[in-house]
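**Q** Sharing a structure below in structure tokens format, with a few things to ask.
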Amino acid sequence: MKKITRHQMRENAFILVFEKLFREESVDEILELAAECEDLTVNGQVEEMFRGVQAHIPDIDALIEKNLKNWKKERISKVSLAILRLGVFEILYCPDIDNDIVVSECVKLATTFAFDDDVSFVNGVLGSIVRGIKA
């Protein structure tokens, strides 16, 4: 398996989280399908991030919803929701990664995969979550 950067790991985990939003298959089945895809590298860290997000969706979504201002989770684009879920997972369950780096990386993902308005939205929601945790 080829070596990938932390950003690529995060991007690949995002793709899996995004994919799961559209599919009824289990986490294991999605990972099996991803293993067959030559364009997506799924190493242990990518799998751990993906499984972690899926295992904690109720807590992650509750925190996202708590930090939405005049907005409902159902209105969030699927791309932004997948990025937010990944970011919140890292903020809550990966203490070895600085929260500012997580926010910055999620903003990069939004810049690449989402619309311009989504970039500031992702930044605002994750920033609010980080400030709430620091307080």
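**Q** Would you check if Leu63 is in a helix (DSSP H, G or I), out of contact with any Lys or Arg (no Cβ under 6 Å at 6 or more places or on another chain) and farther than 18 Å from Arg10 by Cα?
**A** yes
**Q** Turning to a different aspect of this structure: Go through the range 89-131 and report how many residues are hydroxyl-bearing (Ser, Thr, Tyr) and under 17 Å from Gln45 (Cα atoms).
**A** Adding up the residues that qualify gives 1.
**Q** It is to be established whether one or more residues within the range 99-110 are closer than 19 Å to Met9 by Cα, loosely packed, with under 14 Cβ neighbours inside 10 Å and of a type in the set (A, V, I, L, M).
**A** Yes, some residue in the range 99-110 is closer than 19 Å to Met9 by Cα, loosely packed, with under 14 Cβ neighbours inside 10 Å and of a type in the set (A, V, I, L, M).
**Q** Is one or more of the residues making up the range 11-21 farther than 18 Å from Leu126 by Cα and part of a loop (DSSP other than H, G, I, E, B)?
**A** yes
**Q** So which residues in the range 57-75 are at pLDDT below 95 and either closer than 18 Å to Val17 by Cβ or β-branched (Val, Ile, Thr) (or both)?
**A** Hits for the range 57-75 are Lys73, Glu74.
**Q** Looking at the range 67-88 only, could you name the residues that are outside any loop (DSSP other than H, G, I, E, B), more than 15 Å from Val46 (Cα to Cα) and either aromatic (Phe, Trp, Tyr) or in contact (Cβ under 8 Å) with a residue 24 or more places away in the chain (or both)?
**A** Lys78, Val79, Ser80, Leu81, Leu84, Val88
**Q** Name the residue, out of Ile91, Ile57, that is without any contact (Cβ under 8 Å) to a residue 40 or more places away in the chain, open to solvent by less than 90 Å² (accessible area, probe 1.4 Å), at negative phi and of a type in the set (A, V, I, L, M).
**A** Ile57
**Q** Among the residues of the range 32-44, are any in contact with a helix residue (DSSP H, G or I) (Cβ under 9 Å, 6 or more places away or on another chain), part of a helix (DSSP H, G or I) and at pLDDT 95 or above?
**A** No, the range 32-44 contains no residue that is in contact with a helix residue (DSSP H, G or I) (Cβ under 9 Å, 6 or more places away or on another chain), part of a helix (DSSP H, G or I) and at pLDDT 95 or above.
**Q** Can you confirm whether the range 114-125 contains a residue that is at pLDDT below 95, outside any helix (DSSP H, G or I) and open to solvent by 90 Å² or more (accessible area, probe 1.4 Å)?
**A** yes
To keep it simple, each residue is scored yes or no on (1) crowded, with 19+ Cβ neighbours inside 10 Å; (2) at pLDDT 95 or above.
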position: Lys2; (1), (2): no, no
position: Val17; (1), (2): yes, yes
position: Val27; (1), (2): no, yes
position: Phe50; (1), (2): yes, yes
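The values are calculated or read from the model by the stated rules, or taken from the named source; none is laboratory data. Predicted model only: the values in this text are computed from it and were never measured. All Cβ positions, glycine included, derive from the backbone under ideal geometry; neighbour counts span all protein chains shown. These accessible areas exclude ligands, DNA and RNA; they are computed on the full protein's heavy atoms, side chains included. Shrake-Rupley method; radii C 1.70, N 1.55, O 1.52, S 1.80 Å.
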